[in-house]
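Notes follow the structure.
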Amino acid sequence: MNPTPPFATPMHEALALAHAAIGLCEPNPRVGCVITAADGRVLGRGHTQQAGGAHAEVMALRDLQQRGASARGATAHVTLEPCSHFGRTPPCCEALIAAGIARVAMAVQDPNQLVAGQGAARLRAAGIEVEIGALAEAARELNIGFFSRMERGTPWLRLKAAVSLDGRTALNNGASQWITGMAARTDGHAWRKRAGALLTGVGTVLDDDPRLDVRLVETALQPLRVIVDSRLDTPPAARILDAPGQVLIYAAAPEPERRAALEARGAQIALVPGANGKVDLAVMLADLAARGVNELHVEAGHKLNGSFVREGRVDEFLIYMAPRLLGIGRELAAFGPLERLQDSLALRFVSVTPVGDDLRLLARPAFKTAAGPETIA
């Protein structure tokens, strides 16, 4: 817990600390806290721990105490409103009050209805000065999935794909390993690490037999792995069932014998039947939110991708583009055909970043909020 100085402000340092909670604290929000003295000296710092563990404010207070310092009269800079309710841990605002903090600067209000301004109100009632708004957009971006789950009741859906310069995700025969280089694949695993769940379709399971876990970067947690499989065609010997962590399969038909075989391999089965014998994607997303999934990372084939696009479920496209041409091959998402250009899905680039020999494109539908300039990468 020793970020590299210098930081422009204590809130910038708090955001950097919050980033260290990625892959550790899910489903809780990623929060960082820096406590400073009146002369600007850092007295303590911390970030959210695993679910059920200490929150950022408590970690910063512990750090302060280990340094032999006092919080009386100090300022706590925290990236999200301190909680005011008893959950797995006591309220953070009470810990700040008891420590004698004089001022709290928070980046953004907590969208959780159990907090939602009540933390700030409790601090003010105790005579603590409260300021809200420093680096608010960056703090919200860091927890965009948590805000999505709290405000919309659905995870933030990020659709990831590796494509050629002519937009192909595979050759016509299905071969796709590897379109992009090792640097892009490693970067993709860093984005997997952010997610509460990694999702693919049964077609990808049958064609590629992926593990769909986080391997190329270190992580404290493995995301839930999700398969959309209407008829439970996933083979019990599939590698995705061998990887560490839980597997959840959404199906539309009971298929008792297949279900029993998959459950014997440790998979959970959820029946969410929709139209035409397919999985109801809207119901599935609501169920994933209820299970605490903030960010849903989709790595699927063109058919399932097309369904997500057609239903307007994609919040963000994470595309790795390789400098090669594949010619006739499989597309990113199968939907349409459209009759008018104005019916196309308008996107705007959030970022375009070289990664090894490839490009990482982050794009959102034009009506989605884009990352602010203060976002820490």
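Miscellaneous remarks
- Accessible solvent surface per residue of the chain, calculated while the other protein chains remain in place, 1.4 angstrom probe, Å²: 45 Å²
- Ranked order, 182, 11 - accessible area, probe 1.4 Å, largest first: 182, 11
- Along the chain, longest interval not containing exposed chymotrypsin sites (Phe, Trp or Tyr not before Pro), exposed being DSSP loop plus at most 13 other Cβ atoms within 10 Å: 179-366
- In order through segment 110-122: 3J(HN,Hα) via Karplus (6.51 cos²θ - 1.76 cosθ + 1.60), integer Hz, x for Gly, Pro: 6, x, 5, 4, 6, 10, 6, x, 6, x, 4, 4, 5
- Counting 0.36 nm for each residue step from residue 39 to residue 325 and taking away their Cα separation leaves a gain of 97.1 nm.
- Seen through its C-alpha gyration tensor, with square-root eigenvalues sorted a ≥ b ≥ c, segment 82-135 comes out oblate because a/c lies at 1.5 or above while a/b is not bigger than b/c.
- Extension gain, residue 242 back to residue 69 (0.36 nm per residue minus Cα-Cα distance, nm): 57.4 nm
- Residues of type aspartates and glutamates that residue 193 reaches as a straight line, Cα spacing below 14 Å, ignoring anything fewer than 8 places off in the same chain: 26, 213, 218, 295, 299
- Identified option (computed semi-axes √(5λ) of the Cα gyration tensor in Å; candidates [x] 33, 26, 18; [y] 40, 23, 19; [z] 32, 24, 21): [y]
- Taking the Cα centre of the chain as reference, the dipole from Cβ charges on Lys and Arg (+1) and Asp and Glu (-1) amounts to some 220 debye.
- The chain - mean residue ellipticity at 222 nm from DSSP helices (-39,500 (n - 2.57) per run, n ≥ 4, rounded to 500): -7500 deg cm²/dmol
- Per-residue SASA entry for residue 231, accessible area with 1.4 Å probe, Å² rounded to 10: 130 Å²
- Most mobile listed residue (200, 75, 353) in the chain, GNM with C-alpha springs under 10 Å: 353
- Taken over the C-alpha atoms, segment 115-242 has Rg and Dmax values of 20.2, 68 angstrom.
- Over segment 287-349, relative contact order from alpha-carbon pairs under 8 Å, at least 6 apart, %: 43 percent
- Most mobile of 44, 73, 23 in a GNM of the chain (Cα contacts under 10 Å): 73
- Cα shape, segment 1-148, gyration tensor, a/c 1.5 rule: rounded
- Per-atom-type breakdown for the chain gives carbon and sulfur 52% of the accessible area (1.4 Å probe, protein chains only).
- With all protein chains modelled, accessible area of residue 278 [1.4 Å, Å²]: 110 Å²
- The GNM of the chain, with springs linking C-alpha atoms under 10 angstrom apart, assigns the highest mean-square fluctuation among 16, 261, 125 to 125.
- Relative contact order %, the chain, counting alpha carbon pairs below 8 Å whose residues are six or more apart: 16 percent
- Modelled spin-label separation between residue 114 and residue 366, with each label point placed 7 Å from Cα along the Cα-to-Cβ direction: 4.0 nm.
- Nearest-10 value in Å² for the accessible area of residue 148, using the 1.4 Å probe: 10 Å²
- Three-way shape call for segment 199-330 based on the alpha-carbon gyration tensor, with the a/c threshold at 1.5: rounded
- Here the simple spin-label model places points 7 Å from the Cα toward Cβ, and for residue 290 and residue 20 these points are separated by 3.7 nm.
The values are calculated or read from the model by the stated rules, or taken from the named source; none is laboratory data. Just so it is clear, the structure is predicted and the values come from calculations on it, not from any experiment. Neighbour counts run over all protein chains shown; Cβ positions are idealised from the backbone, glycine included. These area figures cover heavy atoms from the full protein model, side chains too; ligands, DNA and RNA do not enter into them. Shrake-Rupley method; radii C 1.70, N 1.55, O 1.52, S 1.80 Å.
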